[in-house]
Amino acid sequence: MTEIYFKYGFELPAYRSVVARLRVCLGWFIVCSSATLAAEKVDFSRDISPILSDRCFACHGPDSEARKADLRFDVESDLLRAADSGFPIIKPSDADHSELFRRIMSADPDEMMPPPDFLVPVTDSEKALIKRWIEEGAEWSSHWAFKKIQSPNMPEIHGDAIIRNPIDRFVESKAQEKGLSSTMEASRRTPSQAGQP
Ligand code: HEC
């Protein structure tokens with residue numbers, strides 16, 4: 001190994017310290033991004049619906065010809081009905097008694113979902129996300145494109161920031177939430193113009 005690094009002009013200790021620094025950066029990136037994800041509530045249309053449509057819709061989607069077990073995941077009513085096992089397909093706030101969760105966690109080839117011959121299994125992080133969504137109450141929502149347009153509540157802001165339109169208010173409130181404050185408004189004249197008569 002050592003010879004290879006020398007051959008390409010690397011000093012081994014320097015190479016090691018770069019790798020060590022990269023590892024520390026990567027570690028922090030993973031810690032920070034998972035902390036942000038953990039703090040935020042799981043959202044059905046953003047986080048869960050894409051998993052179900054990728055891994056389950058082939059047999060439990062809008063196509064009635066291909067549908068299995070008379071079960072579809074693109075309408076809310078089916079998610080709350082009882083499964084053949086007697087458990088509800090989803091029991092909000094109780095993943096362990098939800099048939100959907102039981103099936104994606106099962107290692108039994110006769111029970112597991114998607115079935116073993118379906119080539120795209122649910123990954124461990126997706127299973128964890130589905131569990132969190134059920135434990136958080138399993139709120140269902142349709143795709144945003146089908147939702148009624150509603151005006152959001154205007155966020156509160158502190159101090160006297162420059163607000164010219166409602167969008168400024170959203171930007172300012174997010175900035176304040178992150179402890180940032182806006183600076184004075186910049187001059188409309190660029191530095192090069194400012195020097196001109
Ligand atoms: C390749 C087709 C196929 C795919 C993909 C598939 N399933 Fe199924 N599913 C079936 C079949 C067939 C049955 C009925 C036999 C059984 O109960 O095992 C079934 C039954 C079920 C049941 C029980 C329904 C009841 O009324 O008892 C649940 C829950 C379920 N699937 C969840 C899922 C989930 C969640 C996914 C995606 C992660 C998925 N399935 C993907 C074929 C599929």
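Since every read-out is calculated from the coordinates, none of them should be taken as a lab result. Note that this is a predicted model, so its numbers are computed, not measured. Here Cβ is always computed from backbone atoms with ideal geometry, including for glycine, and neighbour counts include all displayed protein chains.
What shape does region 44-138 have by the C-alpha gyration tensor, where a ≥ b ≥ c are the square roots of the eigenvalues, rounded means a/c under 1.5, and otherwise prolate means a/b greater than b/c and oblate the rest? Rounded is the answer for region 44-138, as its axis ratio a/c remains below 1.5.
Centre-to-centre separation between the Cα atoms of region 76-131 and those of region 163-179: 41 Å. Cβ crowding within 10 Å ranks K68, K148 as K148, K68, fewest other Cβ atoms first.
For the residues K131, K41, what sequence is obtained by ranking on other C-beta atoms within 10 Å, fewest first?
In order of increasing Cβ crowding within 10 Å: K41, K131.
When the Cα gyration tensor is reduced to axis lengths a ≥ b ≥ c, the ratio a/c is 1.5 or higher for region 113-178, and with a/b above b/c it is classed as prolate. Exposure proxy for M184, M154, M112: other Cβ atoms within 10 Å of each Cβ, ordered fewest to most, give M184, M154, M112.
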